[in-house]
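Everything on this sheet refers to the single structure shown next.
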Amino acid sequence: MSPALRTARKRHYLMCRPTYFAVDYAINPWMDPARPVDSARAVRQWERLVSLYRELGHSVSLVEPRPGLPDMVFASNAASVVDQRVLVSRFRHPERAAEADAYRQWFTERTFRRVATAGHVNEGQGDILPAAGLLLAGTGFRTEPAAHAELQALLGLPVVTLTLTDPRFYHLDTALAVLGETEAMYYPGAFDPAARATLEALFPDALLAERAEAEAFALNAVCDGRHVVLPPSAVRLAAQLEERGFQPIGVEMSEFLKAGGAAKCCTLDLHGCAEGEPVRLRRDTEVAEDTREAA
Ligand code: ARG
């Protein structure tokens with residue numbers, strides 16, 4: 001008997017068109033500037049992802065891409081957002097530093113309750129994922145442990161530090177996907193023993209991924225409570241998700257894998273912004289509304 005299907009919750013995602021996407025430098029082990037990106041294909045893959053979110057009933061807002069920032073498409077790294085409070089990221093590498101300004105502008109022009117900028121290196125939802133009434137906070141490669149206390153103070157949620165140990169899984173969202181308040185899937189081999197013990201306690205029924213699945217970015221997944229967007233190659237995990245009442249949807253993001261990213265990296269969940277107060281432009285801001293169709 002198939003399990004009862006889960007219920008999706010409407011989300012509001014912030015994304016950035018990959019107009020200037022390229023692999024021009026190497027700041028993680030996946031990036032090789034000698035291996036070219038097919039820009040047209042990257043745009044098509046990204047547009048498919050945007051259309052899918054809209055077909056699923058979610059809102060997608062777009063931030064204007066800026067030339068010279070080839071990784072700006074990875075919106076998840078730009079901020080942590082909880083309940084209309086925003087902590088804009090501070091990137092570890094100088095190559096990405098200016099992305100913070102572009103995203104800060106987007107947030108400050110809108111009606112968020114509070115917009116602050118991180119004082120410590122903090123790569124947003126790449127490393128910080130809300131779940132179980134907590135913030136799961138990765139460290140080891142990008143986000144500094146000192147950022148965790150800052151997050152707790154601004155966003156008002158207790159932070160659980162999870163140390164990553166394998167450079168191929170340099171952001172938390174490459175090694176763990178939150179599926180619900182008490183559900184997750186992750187690759188244990190990406191974490192130190194203390195983090196593994198914490199994850200076992202928090203998510204005793206977690207789906208555990210194998211190394212090859214994690215290396216194919218199967219954990220860089222986006223879940224709305226019911227649908228799980230993940231790479232089409234993740235057939236074993238997809239079957240296990242189905243057994244639990246989720247609806248896996250395979251989306252090819254192969255061009256972005258060349259930069260060390262996939263669907264989740266391209267998607268900043270504006271947690272808490274889909275219900276309740278919608279995100280609007282401030283009245284004193286004269287900029288074009290950005291929720292136009294991506295195509
Ligand atoms: N090239 C980018 C970097 O190394 C990829 C970021 C991927 N984003 C993510 N959330 N894992 O910073």
FRET efficiency for L154 and A194, using Cβ-Cβ distance with R0 set to 25 Å, rounded to 0.05: 0.50
Lys, Arg +1 and Asp, Glu -1 on Cβ, resulting dipole of region 1-142 about Cα centre, debye, nearest 20: 540 debye
Mind grabbing the accessible area of R66 for me, 1.4 Å probe, Å², rounded to tens? 80 Å²
Restricting things to Cα coordinates, could you compute the convex hull volume per residue of the chain in Å³? 120 Å³
Which net charge results for the neighbourhood of Y187, defined as the other residues with beta-carbon distances under 11 angstrom from its beta-carbon, given Lys and Arg at +1 and Asp and Glu at -1? -1
Work out the P(r) tail for region 1-82: percent of alpha carbon pairs separated by more than 18 Å, whole number. 53 percent
Between A212 and R66, take the C-beta separation as r, use R0 = 45 Å, and let me know the FRET efficiency to the nearest 0.05. 0.80
At 1.4 Å probe size, with the rest of the protein present, what percent of the exposed accessible area of the chain is carbon and sulfur atoms? 52 percent
Contour minus Cα-Cα distance for Q105 and A22 (0.36 nm per residue): 27.6 nm
Cα lying deepest toward the dipole's positive end in the chain, options C16, A40, G245, charges on Cβ: C16
Residue of H93, H271, H227 that the Gaussian network model of the chain assigns the largest fluctuation, springs spanning Cα pairs under 10 Å: H93
Contact order relative to length for region 208-274, counting C-alpha pairs under 8 Å separated by 6 or more residues, stands in percent at 31 percent
So for R0 = 35 Å, FRET eff. of E242-A201 from the Cβ-Cβ r, to 0.05, ends up at 0.85
For H227, list long-range residues whose amide hydrogen, built 1.01 Å from N in the peptide plane, is under 5 Å from its own amide hydrogen. Q247
Run the quick spin-label model on L281 and S51: label points 7 Å from Cα toward the beta carbon, then report their separation in nm to one decimal. 2.7 nm
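The values are calculated or read from the model by the stated rules, or taken from the named source; none is laboratory data. Only a predicted model underlies this, so the values are computations on that prediction, with no experimental measurement involved. Cβ sites come from the backbone with ideal geometry, for glycine too, and all protein chains shown count toward neighbours. Accessible surface is based on the protein model in full, side chains and every heavy atom, while ligands, DNA and RNA are left aside. Shrake-Rupley method; radii C 1.70, N 1.55, O 1.52, S 1.80 Å.
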